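Below you'll find the structure, written out as structure tokens, and then a few comments.
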Amino acid sequence: LNAKLMRNIRPLDQFACLVAGATHDVGHPGNNNGFEISRESDLAITYNDISVLESMHIATAWQVLKRPGCNILTSLDKTQRKEFRKLFIDSILNTDMSHHAAQQKLLAELIDCVTNSGIDLDHLDHSELDNDDNKENGDTKLTKDNPKLSRKSSMVSISNIPPNSIYADPVKFAKVVIPLMVHTADLSNPSKDLKLYGQWAKRVVQEFFNQADNEKKLALPVTAFMDKEQTDLPTIQVGFVNHVIRPWFDLWGRLLRDKNQGPMYQFNVNENLKFMQNELEKLKKEKEEKKKLEEAEAQRKKEEEEAKAAKKKAIEQASSSDKKVNRTFPVNNQGQQQQPPQAQGQGQIQQQQQPQAQVGGAFMNDAKAVALSKMGQAQ
């Protein structure tokens, strides 16, 4: 609202913008419309699945405004109150992210319309001072002694703007630009100083994680980008800033050329994006290191198990070999080890044959015994 381009907006419309911005999330339960619709909550039923939370914010805020001591609209007449309420409602409804693509298209068209109205946005950007400072000097002209440019001299006079231009009608212009501004305020965390942005990023992402946990408990479809088992804060923020925030604020940078407006927002967005990208790289390296350690530990355990199995097998093989070599047999009544049947039979034959061979051998070697044998045969 402080940008030079916005200074033709009526105070009533500015007021509606500020109140809408202050109350656009009042009573927020910490989850999104999809969650309310999936579980068919009372809010989803009440508002027929259409901009559920945004409708609730509007109703809650308006109920508060009607309370005794809270009605800040008492000075408005009926016509003004009606205009205020209409712009107030439109502004909060347009914070529904399902409308973001349409809002971005509208913002681009607005930039073209303003540019085609004859307003020199680039020249306006180089003016560091407007009517207020020039009025103090009693001079609104560009001179050698007063090189600062006034708002009126930096843009085409309203009377010279094409009648069909959106900027020629301040009320019409406000109806378009103020809902865009409130939507921008709703998305503005990444455009703020890093310290403030970091705090809000943590809170928003924690809300995402809580919603995913509740979806699991209620057996609802789990929103993937909110599941802490599948994502993390830097990943969420880098994706959000790259695909939603930076394109959006690049458009505002074209429209609001004041150095403390569009350019500042763009600078903060880019700095915050760099920070989150660095955080994401750190997290990736940590995950890689953790994965390597886990793989190394798994390999160590595997090798340890394989070594134990090999040792056990070797012991079993050695034991089996010893049993084959030192196999024992039953013991007889005399305490002697019995031989296998075949070996036992062979031993008896040898014992029977051995004496005969000995006796026969001795007999045949004795001459007298040979002679007696012959006599016996003759008889």
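The table that follows gives values for the structure above.
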quantity	calculated
Answer residue from the range 204-261, given it is of a type in the set (Lys, Arg) and not in a helix (DSSP H, G or I) and is most open to solvent (accessible area, probe 1.4 Å) among those	Lys259
Test result for Asn268, within 30 Å of Gly118 (Cα to Cα) and open to solvent by less than 80 Å² (accessible area, probe 1.4 Å)	yes
Odd one out for Glu295 among (1) more than 32 Å from the chain's Cα centre (by Cα); (2) at pLDDT 90 or above	(1)
Pair list, Cβ < 8 Å and 6+ apart or interchain, from the range 216-242 residues that are within 20 Å of Ser38 (Cα to Cα) to residues that are β-branched (Val, Ile, Thr)	Lys216/Val222; Ala224/Thr231; Phe225/Thr231; Phe225/Ile236
Looking only at the range 271-326, and only at residues there that are among the polar types (S, T, N, Q) and open to solvent by less than 100 Å² (accessible area, probe 1.4 Å), the one that is nearest to Thr231 (Cα to Cα)	Gln277
Residue in the range 197-215 that is farthest from Ile37 (Cα to Cα), counting only those that are among the aromatic types (Phe, Trp, Tyr) and more than 12 Å from the chain's Cα centre (by Cα)	Tyr197
The lone exception for Leu93 - which of (1) without any contact (Cβ under 8 Å) to a residue 40 or more places away in the chain; (2) more than 19 Å from Ile166 (Cα to Cα); (3) open to solvent by less than 70 Å² (accessible area, probe 1.4 Å) it fails	(1)
Checklist (1) open to solvent by 50 Å² or more (accessible area, probe 1.4 Å); (2) farther than 23 Å from Ala16 by Cα; (3) free of Cβ contacts under 8 Å to residues at least 60 places away in the same chain; (4) of a type in the set (Gly, Ala, Ser) applied to Ser41, failing item	(1)
Any chance Cys70 is in contact with a helix residue (DSSP H, G or I) (Cβ under 9 Å, 6 or more places away or on another chain) and more than 19 Å from His183 (Cα to Cα)	yes
The range 171-203, subset assigned to a helix (DSSP H, G or I) and hydroxyl-bearing (Ser, Thr, Tyr), residue farthest from Asn268 (Cα to Cα)	Thr184
Count of the range 1-47 residues which are part of a loop (DSSP other than H, G, I, E, B) and within 16 Å of Phe173 (Cα to Cα)	7
Exclusive hit being within 32 Å of the chain's Cα centre (by Cα) and either assigned to a helix (DSSP H, G or I) or not acidic (Asp, Glu) (or both), set Thr95, Thr74	Thr95
Residues being free of Cβ contacts under 8 Å to residues at least 24 places away in the same chain and buried (at least 17 other Cβ atoms within 10 Å of the Cβ) - total across the range 19-36	1
Every residue from the range 190-203 that is surrounded by fewer than 20 Cβ atoms within 10 Å (Cβ to Cβ) and either within 23 Å of Thr23 (Cα to Cα) or touching a strand residue (DSSP E or B) at 6+ places or on another chain (Cβ under 6 Å) (or both)	Lys192, Asp193, Leu196, Gly198, Gln199, Trp200, Lys202, Arg203
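Results for (1) modelled with pLDDT under 95; (2) within 29 Å of Leu255 (Cβ to Cβ); (3) among the hydroxyl-bearing types (Ser, Thr, Tyr), shown as yes or no for each residue.
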position	(1), (2), (3)
Ala3	yes, yes, no
Val19	no, yes, no
Ile45	no, no, no
Ile111	yes, yes, no
Val114	yes, yes, no
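The values are calculated or read from the model by the stated rules, or taken from the named source; none is laboratory data. All values reported here derive from a predicted model rather than from experimental measurement. Neighbour counts are summed over all protein chains in view; Cβ atoms, including those assigned to glycine, are modelled from backbone coordinates with ideal geometry. Just the protein is used for accessible areas: all its heavy atoms, side chains included, with ligands, DNA and RNA removed. Shrake-Rupley method; radii C 1.70, N 1.55, O 1.52, S 1.80 Å.
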